[in-house]
Every structure is written in C-alpha cells, then in structure tokens.
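Beneath this line is the structure, given in structure tokens, with notes to follow.
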Amino acid sequence: MIERTTAVATMVAAIGCGLIAGVLLAFSICVMPALKNQPPSAAIATMQQINVSIVSPSFLTLFIGSAVAAIVAAVGSIWFGTGSQSLVVVGAILYVLGCVVVTMVVNVPLNDTLATASADSPAGAQVWSDYLDSWIAWNHARTGAAGAACVALTIAVRCQSSL
C-alpha cells in the first residue's frame, strides 16, 4: 500500500512539475516579453495585478502540492528502494530547491518590492527596470528546474512501471 503511494506520489509530482514548468515558461516566452514592450506605467500596473491573481487556491495547490508530492515520492522511494530512487530524489531536489525555494527567496521579494512601486512615477519606472531583468533571469532558472524535475520524475515513473 505504501509502495503504491510512493508510485502515485511520483506520478503526481511529475505531472505537477510539468504543469508548473508550463506556467513559468508562458511567463518567460510570452508574458514578460509583452510587458517589456509596454510603457513602464502600464507594465507595472499589469504585473502588480498578475502578482495578486497568481496567489490563488488553484495555483498554490498545484505549486505547493507538487513539492509535497515530490518530497513524499523521494522519501518513499528511498525508504522502499524503488529502483529509481536517484531519479526521484533528483527530481524532488530540482523542484523544491530550483523552483519553490527560488520563488520564495527571489521572485516573491521582487514581487513585493514591485507591489509598493507607483506605476506613474520615475521611481516606479526605476523599480520596474531593476525588477525586469532580475525577475526574468530567475524565472528562466525556475522554469528549467521545474522542467528538469518533470523529466527526472517522468523517467522514474517509467522505470517504476517496468519493474
């Protein structure tokens, strides 16, 4: 029963990491480039609203739930020696450290700083300029981490199903 829970947690984590990677990738290839081409006042106001909207129960459930599933999968995989434990552990580490921790330590504080910026002021335009390059670079990093976690966990699911 518990071994089955580990397999299910690995699959749930793989799917969740893939979905989060997709959300973050959309920001990297679409949302942020579009905002970068807007006047700072419009871009700031839009990103401030996006940052409020993203903190929704559905996103947080997916974002944190994927981390929980990855951790459960990693612990279960180590405990029961599923044969793919190294892939599961790598996937969990990539997602938790490369996506969740980066989000909490870098992107959220940047978002908090932007939240206090006045969209129509020169100071706000400077905050936007500073925010943009840093936020985008770190978003690329967490997109890559979530995507790599998805790959590792998906391969682990495949290995587990062939045992």
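Output the residue which, of all residues in segment 1-58 that are polar (S, T, N, Q), part of a helix (DSSP H, G or I) and without any contact (Cβ under 8 Å) to a residue 24 or more places away in the chain, is least open to solvent (accessible area, probe 1.4 Å).
THR46
Could you say whether any residue in segment 141-163 is without any contact (Cβ under 8 Å) to a residue 60 or more places away in the chain, farther than 19 Å from SER28 by Cα and not in a helix (DSSP H, G or I)?
yes
The values are calculated or read from the model by the stated rules, or taken from the named source; none is laboratory data. Because the structure is predicted, anything quoted here is derived from the model rather than measured. Note that each Cβ is placed from the backbone with ideal geometry, even for glycine, and that neighbours are counted across all protein chains shown. Ligands, DNA and RNA are excluded from the accessible area calculation, which covers all protein heavy atoms including side chains. Shrake-Rupley method; radii C 1.70, N 1.55, O 1.52, S 1.80 Å.
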